[in-house]
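Visitor: Handing you this structure, nothing more for now.
The values are calculated or read from the model by the stated rules, or taken from the named source; none is laboratory data. Just so you know, these numbers come straight off a predicted model, no measurement behind them. Cβ coordinates were reconstructed from backbone atoms using ideal geometry, including for glycine residues, and neighbour counts include every protein chain displayed.
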Amino acid sequence: MDNPPNDALRRLAELYQQGRMQDLLNAGQPLLLQFPNSAPLLTLLGVASLSTGKFNQAKAALAKAVQLKPGDADAHNNLGIALNELGQRDAAIISYQRALTLRPNYTGAYNNMGSALRALGRIDEAIASFEKALSFKADYPEAHNNLGNALRDQGRTDEAIAAYRQALQLRPAYADALNNLGGALADLRRRDEAIECYTRALAINSNHATARAEKLHQQAHICDWDMIAADAALIPQLGVTGEPVSPFAMLPLEDAPERHRIRSERWVQKKYVRAPLLPRERPIARPEHLRIGYFSGDFFDHATMRLMAKLFETHDRRRFSLKALLRSASPPKSACCMKSCRPPRPCRQKLRESGDETRLSPHL
């Protein structure tokens, strides 16, 4: 028999419905020793591991569950969530696509896939995925909120605001949507409205660290020192413990280098999840030139680039091979030439002429 008795599975399902995920794990792990090939048990344990932040454990359980039962769309979707949390975005997208092959109107999988695509910088595809979810379920507040985030990434702020407002119309007590709406309004320098959104988000969830940090940041912009003073006692631990917050929002609020460092490290760990590194490949033969690579999204006309200009030109080509990977193929309108160029040429053209290989990529 591959599965535990029905009564045992029913008790685990009840723990899941009650939200008692750690109790589910405690009761289910001993059963897994007896029934290691039980797809329902592995799925329950995988979802409970997801809910408790044990993403590697969730990945292992759900990967085996879909191997045993490949027709389970929910298990594929949940495996995608685990992979996405581990920074394995491409693998996550494959899992979501498998879920959608099995259930073409699976709105949750479209929404989750959109989030993974957005994390990869594939914003047009992310927007299409969120819109597909909404085409099946127009009253889906999470998808409206996520669509707003993707639109905001493209600078389509007014459309993003409309998406956030739609999410809030469906769920008025949606703290994350209020926080995101505040961010979009702040982008437009509508600071009073942004502060109101952050305040409403905090009324719903007083522990929403991002909303509090951004509210303080906007209050600093308008010199509302009295309101900042009201939250002064919360500033030292904001982003240092609990939810990470943007370190840039906190810089003007206190002179505490050590805490700023901790905030920065925690923010990077949250926002830029690292995928496992590929095995290092050693060259078969010693290369003729030492290869130097430059990776940046800022090969434009700015102070650092001007300082770098002569460096690119003076590499000894007898000893070094210069390569550059540009994060974006579309320079801003201000990306003109550096003053050191005679005659003036765009910065990227100068880099192309200085390097042996230059590649354009939409995202690193």
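Visitor: Of all residues in the stretch 158-177, which are surrounded by fewer than 20 Cβ atoms within 10 Å (Cβ to Cβ) and either at pLDDT below 95 or small (Gly, Ala, Ser) (or both)?
Guide: Within the stretch 158-177, Ala162, Ala173 meet the criteria.
Visitor: Find the residue count for the stretch 100-122, including only residues that are in a loop (DSSP other than H, G, I, E, B) and under 14 Å from Asn78 (Cβ atoms).
Guide: Final tally of qualifying residues: 2.
Visitor: Leu83 passes all but one of (1) closer than 21 Å to Arg165 by Cβ; (2) part of a helix (DSSP H, G or I); which number fails?
Guide: Leu83 satisfies every listed condition except (1).
Visitor: What's the number of the only condition in (1) under 12 Å from the mean Cα position of the chain (by Cα); (2) of a type in the set (A, V, I, L, M, F, W, C); (3) at pLDDT 95 or above that Ala99 fails to meet?
Guide: With respect to (1) under 12 Å from the mean Cα position of the chain (by Cα); (2) of a type in the set (A, V, I, L, M, F, W, C); (3) at pLDDT 95 or above, Ala99 is out only on (1).
Visitor: Tell me the residue from Asp226, Asp153 that is of a type in the set (Asp, Glu) and free of Cβ contacts under 8 Å to residues at least 24 places away in the same chain, please.
Guide: Asp226
Visitor: For residues in the stretch 178-225 being of a type in the set (Lys, Arg) and assigned to a helix (DSSP H, G or I), which is surrounded by the most Cβ atoms within 10 Å (Cβ to Cβ)?
Guide: Lys215
Visitor: Something else now. Could you grab me the full set of residues in the stretch 31-60 that are small (Gly, Ala, Ser) and in contact with a Pro (Cβ under 8 Å, 6 or more places away or on another chain)?
Guide: Scanning the stretch 31-60 gives a single hit, Ser38.
Visitor: Determine which member of the set Ala324, Ala329, Ala309, Ala275 is at pLDDT below 80, farther than 30 Å from Gln88 by Cα and among the small types (Gly, Ala, Ser).
Guide: Sole residue among the options that is at pLDDT below 80, farther than 30 Å from Gln88 by Cα and among the small types (Gly, Ala, Ser): Ala309.
Visitor: Could we say that Val245 is at pLDDT 95 or above and not in a helix (DSSP H, G or I) here?
Guide: yes
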